[in-house]
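The values are calculated or read from the model by the stated rules, or taken from the named source; none is laboratory data. Worth saying up front: this structure is predicted, and the values here are computed from it rather than measured. Here the Cβ positions follow ideal geometry from the backbone for every residue, glycine too, while neighbour counts run over all protein chains shown. The accessibility values were calculated without ligands, DNA or RNA, using every heavy atom of the protein model including side chains. Shrake-Rupley method; radii C 1.70, N 1.55, O 1.52, S 1.80 Å.
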Amino acid sequence: MTLLITILAASAVTIVWYCHPDSKMKLGTLCLMYWGASIMWMADAIMEYASEGAAYFTPAPADMLNDFFLGLSVVTLGLIIWIVILLIKDPRGVVRAALHRKKK
């Protein structure tokens, strides 16, 4: 479930990035974070399948719910990191303009 959620998020952000490649919003960074998480969960799934075998494909409902919440947490954490990067880099100058407005 975690792998599925991160792959869906990575695919969605990649489509948006591909449609707007000249955007200053650092979507490439968000894509890389989500695809990196997807690769990590893929490696985890492969190792878990190697240890459990066919039982890997019949998880308990509680395990699926835990994986769902973990996947949402990973996607949310990626968004938070991306927002912090945007605030620090300030590609459109919004934060800088707001800080200069308060000083006057």
**Message:** Condition check: within 20 Å of L3 (Cβ to Cβ), within 18 Å of the chain's Cα centre (by Cα) and of a type in the set (D, E, K, R). Does D44 satisfy that?
**Reply:** yes
**Considering residues of the stretch 1-49 that are modelled with pLDDT of 95 or more and of a type in the set (G, A, S) only, the residue surrounded by the fewest Cβ atoms within 10 Å (Cβ to Cβ)** = A43
**Request:** Of the conditions (1) open to solvent by 70 Å² or more (accessible area, probe 1.4 Å); (2) at pLDDT below 95; (3) of a type in the set (F, W, Y), F68 clears all except one; give me its number.
**Result:** (2)
**Request:** May I ask you to list the residues in the stretch 64-91 that are out of contact with any helix residue (DSSP H, G or I) (no Cβ under 9 Å at 6 or more places or on another chain), over 17 Å from L32 (Cβ atoms) and in contact (Cβ under 8 Å) with a residue 12 or more places away in the chain?
**Result:** M64
**Request:** Out of the residues in the stretch 4-34 that are closer than 13 Å to G71 by Cα and touching a residue at least 24 places away in the same chain (Cβ under 8 Å), state the one that is nearest to the chain's Cα centre (by Cα).
**Result:** Y34
